[in-house]
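Undergrad: Before we start, here is the structure in question, set down as structure tokens.
The values are calculated or read from the model by the stated rules, or taken from the named source; none is laboratory data. Bear in mind the structure is a predicted one, so any value in this text is a computation, not a measurement. So basically every Cβ, Gly included, is an ideal-geometry build from the backbone, and we count neighbours across all protein chains shown.
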Amino acid sequence: MRKLNEECAVFGVCLTSAEAVGVTYNGLLALQHRGQESAGIATVHDCKITCYKNNGLVSEVFSEDKLESLPKGKIAIGHCRYSTTGGNVRKNAGPFLSEYLTGRIATAHNGNISNAPQLRDELKRNGLQFYATSDSEVVASLFAYYILKERDTLSGIKKAVKRLTGAYCLVIATGENSLIAVRDPTGFRPLCIGRGTDGYAVASESCALEVCGFEFVRDVLPGEIIVLKNGELTRHGSMFEGKEENRGLCIFEYVYFARSDSKIDGLSVFEARYNMGLILAEEYPVDADIVCGVPDSGMDAASGYSAKSGLPLAAGFVKNRYIGRSFIYPTQSRRDSAVRQKLNPLAVNIRDKKVVLVDDSIVRGTTSEKIVRTLKNAGAKEVHMRISSPPFLHVCHYGTDIDSEENLVANQMSLDDIRRKIGADSLGFISIDGLKDACGKCLLGFCTECFTGEASTRAKKDVFE
């Protein structure tokens, strides 16, 4: 748990050609950074849904032969996962298939359903069985229950989502040759729409749309339901009118989760991170020789710090591109190994230099300690750590794995104690106001609960009009 962990990514397409499986595979590759424990694809062909999923990276789960074996349909959804609810086992991988008397649906889910245990108990009392331990299975079963009860797929999904509390973005493939996308009323996790020459796609991030040849159209609005069928899109307005004040994207999407080339709720992720660096340089200037970023999510903020401070930007590390983000490894020993292999200092750039080192966060402090030590062992004269998020102080209930405040180093130590622990010559965290200013162009406002204990800021009203 050196970095925050986020649950997963979703992707779905509705095309006029039978290329949905290949496009979805490419979309998942572009979203691999959001979850690297498991992957799955469900496709619709002749009103039948076929799903394959397994543990591993997208490219490991789907060999060329496996992709060729899936039916060539016009609709497909995909999912890649990091487990925050339920363990990292194959049965918890998405998408989830749900069967009922008159049909079948497949559901892919990004987020965390806080009332999943209560819903599971209720559904069990109504005769439903569960085989996995993730909240995504609960969501899929709830859909099946209400679709059967309402005798209509869309009506059933509308009823079901009103029972969910927490954070969720959903893509649902139906046996009626349609794809349905839903974003929760808070807008906590991102979801966007793209249009191509032969249909539409929805994805957790816009980078996946662009990689697959779709033009970004817009973000799905909080509480909105989108239906794609026969290559056409219809919108069903917010199911949760009157709750604008509670809406806000998780601000850590801009700090760390999302890819730099994505745009979320009106704001470029790169621009947000660059702005964080500008503000860090204003809030924590220092007499130094160079600025280095910790790859990858610290690089954009380092660029901003360099531009504002006038200090040259230099490469401090060579990154092994074949090692995934350290947070994907579920055991401590595997995370330790990944950190050692992942970053190698570029000694020629840092020897005898005073280095400003920019990173996105400090959760426990163990990774920062190793990185600072690595730079000093490579000859850095001083290392001044600058962090583009405020100290983590509170538990997150909406899909990241800050599950205990006592595990957060900022709750155990003062700023100077943290500095000494990681071995830095100085340490500065961006202020909460500075972070909000850096992300000020986000149309929804944002949730900053893990930093402030306050759930969200007020969204801009014109987004919903």
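Undergrad: Applying the selection to the stretch 146-165, what residues are under 16 Å from residue 221 (Cα atoms) and of a type outside the set (Lys, Arg)?
TA: Across the stretch 146-165, the qualifying residue is only 161.
Undergrad: State all residues of the stretch 38-49 that are surrounded by fewer than 24 Cβ atoms within 10 Å (Cβ to Cβ) and touching a residue at least 60 places away in the same chain (Cβ under 8 Å); if no residue qualifies, say none.
TA: Result: 47, 48.
Undergrad: Residue by residue through the stretch 423-444, note down the ones that are among the aliphatic types (A, V, I, L, M) and in a helix (DSSP H, G or I). So that I can check it myself, show each step before the final result.
TA: Restricting attention to the stretch 423-444, the residues satisfying the condition of being among the aliphatic types (A, V, I, L, M) are 424, 427, 430, 432, 435, 438, 443-444.
If the condition is that a residue be among the aliphatic types (A, V, I, L, M) and in a helix (DSSP H, G or I), then 432, 435, 438 are the ones that fit.
Undergrad: Find all pairs meeting these conditions: Cβ atoms under 8 angstrom apart; at least six residues apart or on different chains; first residue within the stretch 216-230 and at positive phi; second residue basic (Lys, Arg).
TA: Final answer for the pair search is 223/183; 223/243.
Undergrad: Counting only residues that are over 17 Å from residue 139 (Cβ atoms) and surrounded by 24 or more Cβ atoms within 10 Å (Cβ to Cβ), how many does the stretch 201-221 have?
TA: The first filter runs over the stretch 201-221 and keeps only residues over 17 Å from residue 139 (Cβ atoms), leaving 201, 203, 205-219, 221.
Now restrict to residues that are surrounded by 24 or more Cβ atoms within 10 Å (Cβ to Cβ): 201, 203, 205-206, 208-209, 214.
So the answer is 7.
Undergrad: On to the next question. Kindly establish whether residue 164 is in contact (Cβ under 8 Å) with a residue 60 or more places away in the chain, in contact with a strand residue (DSSP E or B) (Cβ under 9 Å, 6 or more places away or on another chain) and not hydroxyl-bearing (Ser, Thr, Tyr).
TA: Details: in contact (Cβ under 8 Å) with a residue 60 or more places away in the chain: no; in contact with a strand residue (DSSP E or B) (Cβ under 9 Å, 6 or more places away or on another chain): yes; not hydroxyl-bearing (Ser, Thr, Tyr): yes.
So residue 164 does not fit the description; no.
Undergrad: Scan the stretch 413-439 for residues that are out of contact with any Gly (no Cβ under 9 Å at 6 or more places or on another chain), surrounded by fewer than 21 Cβ atoms within 10 Å (Cβ to Cβ) and either of a type in the set (A, V, I, L, M) or without any contact (Cβ under 8 Å) to a residue 12 or more places away in the chain (or both) and jot them down.
TA: Passing the criteria: 414, 416, 417, 420, 432, 433.
Undergrad: Here is a list: 409, 339. Which entry is buried (at least 17 other Cβ atoms within 10 Å of the Cβ) and modelled with pLDDT of 85 or more? So that I can check it myself, show each step before the final result.
TA: Values: 339 fails: modelled with pLDDT of 85 or more.
So the residue among 409, 339 that is buried (at least 17 other Cβ atoms within 10 Å of the Cβ) and modelled with pLDDT of 85 or more is 409.
Undergrad: Follow-up question, since we're still on this one. What number goes with the only condition from (1) part of a helix (DSSP H, G or I); (2) at pLDDT 95 or above that residue 245 does not pass?
TA: (2)
Undergrad: Go through (1) under 23 Å from the mean Cα position of the chain (by Cα); (2) farther than 30 Å from residue 390 by Cα one by one and return the number of the condition residue 50 breaks.
TA: The one condition residue 50 does not meet is (1).
Undergrad: Still on this structure, I have one more. Tell me whether the stretch 409-422 contains one or more residues that are under 23 Å from residue 301 (Cα atoms) and assigned to a loop (DSSP other than H, G, I, E, B).
TA: No, that holds for no residue.
Undergrad: Are any of the residues in the stretch 358-371 aliphatic (A, V, I, L, M), in contact (Cβ under 8 Å) with a residue 24 or more places away in the chain and over 24 Å from residue 270 (Cβ atoms)?
TA: Within the stretch 358-371, the subset aliphatic (A, V, I, L, M) is 358, 362-363, 371.
Adding the requirement that they be in contact (Cβ under 8 Å) with a residue 24 or more places away in the chain leaves 358, 362-363, 371.
Now restrict to residues that are over 24 Å from residue 270 (Cβ atoms): none.
Scanning the stretch 358-371, I find no residue that is aliphatic (A, V, I, L, M), in contact (Cβ under 8 Å) with a residue 24 or more places away in the chain and over 24 Å from residue 270 (Cβ atoms), so the answer is no.
Undergrad: State the number of residues belonging to the stretch 166-197 that are over 23 Å from residue 45 (Cβ atoms) and either in a loop (DSSP other than H, G, I, E, B) or not assigned by TED's automatic domain parsing to the domain that holds residue 208 (or both).
TA: 8
Let's see how each residue does on (1) at pLDDT below 95; (2) touching a Gly at 6+ places or on another chain (Cβ under 7 Å); (3) in a loop (DSSP other than H, G, I, E, B):
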position	(1), (2), (3)
72	yes, no, yes
83	yes, no, yes
87	yes, no, yes
94	yes, yes, yes
98	yes, no, no
106	no, no, no
112	yes, yes, no
131	yes, no, yes
136	yes, yes, no
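Undergrad: Which of the residues belonging to the stretch 360-384 are of a type in the set (Lys, Arg) and more than 18 Å from residue 289 (Cβ to Cβ)?
TA: Those that are of a type in the set (Lys, Arg) and more than 18 Å from residue 289 (Cβ to Cβ): 364, 370, 373.
Undergrad: Kindly indicate which of 126, 92, 115 is crowded, with 17+ Cβ neighbours inside 10 Å and among the polar types (S, T, N, Q).
TA: 92
Undergrad: In this structure, is residue 202 outside any loop (DSSP other than H, G, I, E, B) and farther than 20 Å from residue 25 by Cα?
TA: No, not satisfied.
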